[in-house]
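Data block below; observations after.
Derivation of every value follows stated rules applied to the coordinates shown; laboratory data play no part. These figures come from a predicted structure and were not determined experimentally. FYI the Cβ positions are ideal-geometry reconstructions off the backbone, even for glycines, and counts take in every protein chain you see.
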Amino acid sequence: MTFRITPYESVLNEDIQQGDKNAEAFKKVKKDWVEFSPIPLNRLKLVTFSYVDFNGKQHQNGQCVVMDAVAPRVLQIFKELYKRQFPIHQAKRIEFFEGDDDKSMNANNSSSYNARTVTGASSNLSMHAYGLAIDINPVQNPFHSFENDAAEKQGIRHTKPAAGSNQYINRRRAQNDKLPGLAEDIIDIFDKNGFNTWGGDWNDSIDWQHFQTSRALANLLSVMSLQDAEIFFEMHAETPALMRDFPAKETVLIELYQENPEKFMAIFVTNPNLFSMFDSALAIRSIKEEWKKTT
Ligand SMILES: [Zn+2]
């Protein structure tokens, strides 16, 4: 069995230097990412893992690229999926698909880091761009959007990938039929390891393949040092309410952290409950009060 965490940027550079058939495409993808990514490439880790496919065959080369601070938990997720013998069709890095999510989905590829915008949106950065989102078996767990009729006439698909549109849209029936590879079977594993937002719970564009952290948490983790981000994410995995209800555009915590990281972490470690309050406005007021009291 193979379960390991390695730096990602060096793997990408080695592949580019080897000059194989993918090298040119990788070089272009890397250039786009360096310009576009909300985090530097050296903050990403490659998680390599064993998995079983839909024929019960074992593979040792599953690959998932995520933000460094969450890599130990992601390794744990794939260990638990393997233990449960949850089938995965394949898991290759997105650069093998030129960073093109549609190509990756059509190949029923489970993927993670990709410096791209939200599917169907032109500006909003996806959680995949932070290395804080993981997609599992897109065919069994498609993306479904509610386009209008005009869009449909232009050929815009409601369901991606197309292969997922037949038997996997009626989720209750898919579960009753015990179809293998459904995201519903593994929500608990992602949830207890800090990825507690599931795209299957969304109303406007449902994304059954997609697991992520909250956006407010992602923005904070991406400005933190690795050490602080690890402490923060570990607490988040243990306390799912941590920052869950904070609005995505919340910037106060980022400003406080950048002003004084040591003070921020000291307040966090002594008062983690302040960061888990349901009322985020009250939470931020309380954190600011604590900030004034602390020297
Ligand atoms: Zn996704």
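Tell me which trypsin sites (Lys or Arg not before Pro) from region 13-46 have a DSSP coil assignment and no more than 10 other beta carbons within 10 Å of their own. Walk me through the numbers before you get to the answer.
Numbers: sites: LYS21, LYS27, LYS28, LYS30, LYS31, ARG43, LYS45; in loops: LYS21.
Here the sparse-neighbourhood loop sites are LYS21.
Specify whether the C-alpha gyration tensor of region 1-121 places it in the rounded, prolate or oblate class, a ≥ b ≥ c being the square roots of the eigenvalues: rounded for a/c under 1.5, otherwise prolate if a/b is larger than b/c and oblate if not. Show your work: numbers first, answer last.
On the way: a/c = 1.58, a/b = 1.46, b/c = 1.09.
Prolate, since a/c reaches 1.5 and a/b exceeds b/c.
With everything on Cα atoms, drop me the angle between helix 71-83 and the longest principal axis of the chain, reported from 0 to 90° to the nearest 10.
40 degrees
For n ≥ 4 DSSP H runs only, could you compute -39500 (n - 2.57) per run for the chain, divide by its residues and tell me the 222 nm figure to the nearest 500? Intermediate results must be reported in sequence, preceding the final value.
Working: 12 runs with 114 residues, N = 295.
Taken over the chain, the calculation gives -11000 deg cm²/dmol.
Can you run the Rg to Rh ratio on the chain? Use alpha carbon positions and the Kirkwood inverse-distance Rh.
Numbers: Rg = 19.6 Å, Rh = 20.0 Å.
Radius of gyration over Kirkwood radius for the chain works out to 0.98.
For region 215-293, what class follows from the C-alpha gyration tensor (a ≥ b ≥ c being the square roots of its eigenvalues): rounded when a/c is under 1.5, otherwise prolate if a/b is larger than b/c, else oblate?
Values: a/c = 1.23, a/b = 1.03, b/c = 1.19.
Cα axes put region 215-293 in the rounded bin.
Against the longest alpha carbon principal axis of the chain, how many degrees, from 0 to 90 and to the nearest 10, is the axis of helix 280-293 turned?
It is inclined by approximately 40 degrees.
May I ask for the angle, rounded to the nearest 10°, between helix 23-36 and the longest principal axis of the chain, with both axes built from Cα atoms and the value confined to 0 to 90°?
Long axis of 23-36 versus the principal axis of the chain: about 30 degrees.
In what order do MET127, MET277 fall by count of nearby beta-carbon atoms within 10 Å, going from fewest to most?
Numbers: MET127 24, MET277 19.
Ascending number of Cβ neighbours within 10 Å: MET277, MET127.
Which entries in the list LYS45/LYS293; LYS30/LYS57; LYS160/LYS192; LYS79/LYS160; LYS92/LYS160; LYS45/LYS292 go over 26 Å, if you measure between the two C-alpha atoms of each?
Values: LYS45/LYS293 38 Å; LYS30/LYS57 32 Å; LYS160/LYS192 28 Å; LYS79/LYS160 28 Å; LYS92/LYS160 18 Å; LYS45/LYS292 37 Å.
As for pairs spanning more than 26 Å Cα to Cα, those are LYS45/LYS293; LYS30/LYS57; LYS160/LYS192; LYS79/LYS160; LYS45/LYS292.
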